[in-house]
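Data first, discussion second: the structure below is written as structure tokens.
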Amino acid sequence: MMAINPGFRPQVSLAQAEQIRTVCKRSMQELLSMAAACDTSDRKLHYTYMPPRTSSEAAMTLCVSTTLYASLQDIQDIMQSRISRTNEAREFAKAVETHVKGSRLLMKISDNIALNWAVIESMSSVMRDRDFVYVQAREYREDLPHRRPTWISCTHSIKVDGVPPLDTSVYDVIRGGIYSSGYVFTEMPDSLGVHAVFCLQVDFKGQSPHVICQSTLKNWANALGRMRLFFERRQLGLLSDLILSDIQVKNYRTGMHCHVCAEPFGMLGKPDNCRICGEVVCSRCVEKKEVPLKNGPTKLSMCVDCLNSSMQPESFSPTLRRVGSGVVDTPQNRDRLQEASETILLPSNIYRKRASTVSRSRRTFSTSLPPPRITKDIPDDLDVLNKVF
């Protein structure tokens, strides 16, 4: 982050603090309305562009939704930088908030309302960076129509005495506006993760090309995708001890249909193995994920069924996932399946290519080598052979 010391001295009276609470309540309702309009069941990143809902016609609205592999309490702890999770909160900010060039807490108005300042990086040198002075309100609710636990983090720009726009002759920054924006995290049924929606309603102000403003807004909204990747990598790290090796997965030659979509592989199909459940799947139903192993991060194949599950270690225990594959659940088999494997992990296509090459070379040697010929010219003295070779 850039080192900026703006020297702000915000001044908020009791009457202004009450007005700020009213603004936060109204902005939070508007945020929930936008989040409900762009809500989708898609577990991948889903973008929804909307018309502006503010008096500013130049405002741009973008909502992003996805599923996070974390608990609601876990998200609150990291985003609020609880004392016990300080190190992880710093790693979270470093991985997710790449669009933020500088930020500062200006004032705590109440336990859940704070006045903040931040500089957002522009995606082009043609467009100046934008800074925002906004009030941030956070609230936990269970009284929404779906009756599921929900945590909301809402931001809305306000004007406060003692926080003027920066001098453009000193700082290459323009003051922008953000309205009724923020995160909405909702716990999914059966604790299968958290459904997250990130809504941004921003007026960048100034004279900037619309395309660059849109690119900057999308990079800002992609913070939710970076958040999803952060929690996914952390969860995959917990599952690294349960990754199946080459000898533990099912033989791809025995599979005629994909375990996920049940479609036949055909002549040109490329079957692959899921490293979590070991089943044979097609290329459409598998994704490559980077898993931290003992020898370093390695990209492994994982089927969409396993990725769309809760991704909890207990649901991927070797006994549970292998009993349905013909393995009898006995104490001996349970110990054998749960013990750590040191087998080298190879991509399935390389493994098959190597096996076919070895078998083909063996056939070549067996047919091309002539039978051994015994001759009387070989000396009986082995010292002669040592001198020759």
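The values are calculated or read from the model by the stated rules, or taken from the named source; none is laboratory data. Nothing here was measured: the structure is a model prediction, and the numbers come from that model. Positions of Cβ are generated from backbone atoms using ideal geometry, with glycine treated the same way; all protein chains shown enter the neighbour counts.
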Qualifying positions in the stretch 48-73 - under 30 Å from Cys306 (Cβ atoms) and in contact (Cβ under 8 Å) with a residue 12 or more places away in the chain: Thr48, Cys63, Val64, Ser65, Thr66, Thr67, Leu68, Tyr69, Ala70, Ser71, Leu72
Hits in the stretch 177-190 - residues which are assigned to a loop (DSSP other than H, G, I, E, B) and surrounded by fewer than 20 Cβ atoms within 10 Å (Cβ to Cβ): Met188
Filter result (surrounded by 15 or more Cβ atoms within 10 Å (Cβ to Cβ) and either out of contact with any Leu (no Cβ under 6 Å at 6 or more places or on another chain) or modelled with pLDDT under 80 (or both)) within the stretch 230-239: Phe230, Glu232, Arg233, Arg234, Gln235, Leu236, Leu239
Hey, Gly102 farther than 24 Å from Gly193 by Cβ, at pLDDT below 90 and either surrounded by 13 or more Cβ atoms within 10 Å (Cβ to Cβ) or among the β-branched types (Val, Ile, Thr) (or both) or not: yes
Residues of the stretch 97-115 that turn out to be more than 28 Å from Thr22 (Cβ to Cβ) and part of a loop (DSSP other than H, G, I, E, B), as a count: 3
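So that you can scan it fast, the table gives a plain yes or no per residue for (1) buried (at least 17 other Cβ atoms within 10 Å of the Cβ); (2) part of a strand (DSSP E or B); (3) not assigned by TED's automatic domain parsing to the domain that holds Ile152:
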{"position": "Gln29", "(1), (2), (3)": "no, no, no"}
{"position": "Tyr47", "(1), (2), (3)": "no, yes, no"}
{"position": "Asn87", "(1), (2), (3)": "no, no, no"}
{"position": "Trp117", "(1), (2), (3)": "yes, yes, no"}
Residue in the stretch 192-205 that is acidic (Asp, Glu) and crowded, with 16+ Cβ neighbours inside 10 Å present: yes
Per-region count, the stretch 269-305, residues outside any strand (DSSP E or B), in contact with a Leu (Cβ under 9 Å, 6 or more places away or on another chain) and in contact (Cβ under 8 Å) with a residue 40 or more places away in the chain: 4
Contacts under 6 angstrom Cβ, first residue in the stretch 169-197 being not assigned by TED's automatic domain parsing to the domain that holds Arg148, partner among the aliphatic types (A, V, I, L, M) and surrounded by 16 or more Cβ atoms within 10 Å (Cβ to Cβ), 6 or more apart: none
Qualifying position, being in a loop (DSSP other than H, G, I, E, B), hydroxyl-bearing (Ser, Thr, Tyr) and either free of Cβ contacts under 8 Å to residues at least 60 places away in the same chain or under 26 Å from Tyr49 (Cβ atoms) (or both), among Ser153, Ser208: Ser208
